[in-house]
Amino acid sequence: MDDVYAKFIKRMNPTRVVIDNESCEHATIIEVVCANGHGLLLEVVQVLADLNLIITKAYISSDGGWFMDVFNVTDCDGNKIRDEGILNYIHKTLETDACCLKSSRGSIGGMPSKEHTSIELCGTDRPGLFSEVSAVLADLRCNVVSGEIWTHNSRAAAVIYVTDESSGRAIEDPKRLSMIKELLCNILKGNNNLRTPRLTISSSGLMHRQRRLHQMMFADRDFERVEGVKHCSRIHACVLDCNDRDYTIVTVRSKDRPKLLFDTLCSLTDMQYVVFHGTVITGRMEAYQEYYIRHVDGHPVSSEAERQRVIECLEAAIERRTSEGLELELCTDDRVGLLSDITRIFRENGLCVRQAEISTRDRKAKDTFLVTDVSGKPVDPKIVDLIRQEIGQNILNVRGNLNMSSKLPQEMARSFLFKKLFKGRN
């Protein structure tokens, strides 16, 4: 009966989205009003984040069964959103209940797919781990068509989509799937017996990768401090009581960056907290977030241990995407084993992949890697120059500033034969 009543309320009060490009000089204002539901705020912010929109301000109110939120957004260059295609997409997506349900379902799993096989893995991070995983997939004739890898606090998580080399479709042979799982588990175990790695292989449809990565790293407790390692966070989170209203007030100050609000809400949702009111204000350097929350059972934070856990989880959620390193972009023809070859070269030259995003479109691979040296320090520009010479100057590019050396020893330049592998293979 509760479900029938909720559907009746939604039908009588459909979602209303108002997009205003006139009231604010510097941003587009998006107002969303509808009947409230658990996780709805995250779904709305997820839609905006997927469009790479920057949320400069947000005012959240979802008390009394109603959801009334206002977002000031810009594009990545700080301009208002003028593209009619994007504005129409926001209207259509947020005003259609079916889209919200699809988003919610997709954030967890999805319907079975014949197009690809999904691999989720989570375990202890170490130099060369991603290279070893890629090598196993290449040896088993699995083509990596898309995926994303995060590392944080000595933990690593990845969501990878692969296809069979011969058919270009999902892998369905149970024996082959079992072998893939066994070999990948052996790699994840390594020499560490303290934590059991997690690995899942399925034919589920495309899920929201970043939402899933947050869930996986939270489940793996990456927010726990590593013993013996000094933790120095640039994020200032505070949890206070609001006894007169029976809320808990959470404030977060951190460096501003894209998708900050999305990452914060992922953490609160994974911890089973509901945001009733909130304010987000960003400046040139710093972002300020304030939320009035309760647990899904209706109670505020009730103990010091719970308070500390909220702080640690919020810090971890924000830090997962802020790994420091050099960003490298690869653009070339796709083929089985490409990712294995690239990550092997990184490993042999002392680079460690901290984050990666893999994508393939029209048989072209476009991958981005965030790398450091094995100790987490900045990469030597000379090493990057050598790697680019080996792979190909036009294939691997540096995003951001790097003082690249312009000359290489002649004898080393002659030895770089790897670039021949990037010529078309029939």
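The values are calculated or read from the model by the stated rules, or taken from the named source; none is laboratory data. Bear in mind that the values here come from a model prediction, so they are computed numbers and not experimental data. Methodologically, a virtual Cβ is constructed for each residue, glycine included, from the backbone with ideal geometry; neighbour enumeration extends over all protein chains shown. Note: areas computed on protein heavy atoms with side chains; ligands, DNA, RNA excluded. Shrake-Rupley method; radii C 1.70, N 1.55, O 1.52, S 1.80 Å.
The table below lists the values:
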read-out	value
HIS236 accessible area, assembled protein chains, probe 1.4 Å, Å²	120 Å²
Extension gain, ASN394 back to LEU240 (0.36 nm per residue minus Cα-Cα distance, nm)	50.2 nm
Spacing of the two label points (7 Å from each Cα toward its C-beta) at THR279 and GLU172, in nm	5.7 nm
Exceeding the 23 Å Cα-Cα cut-off - candidates LYS259/LYS366; LYS114/LYS189; LYS181/LYS366; LYS92/LYS259	LYS114/LYS189; LYS181/LYS366
For the stretch 112-180, alpha-carbon Rg over 2.2 N^0.38 Å	1.14
Solvent accessible area, Å² - GLU327, 1.4 Å probe, full protein context	60 Å²
The stretch 244-327: radius of gyration over Cα atoms, expressed as a fraction of 2.2 N^0.38 Å	1.13
Inter-probe distance in nm under a simple model that places probes 7 Å from Cα toward Cβ, at GLU95 and ASN21	1.6 nm
Between the stretch 251-277 and the stretch 288-350, the Cα center-to-center distance that results, in Å	13 Å
The stretch 13-81 - Kirkwood radius from inverse mean 1/r over Cα pairs (Å)	12.4 Å
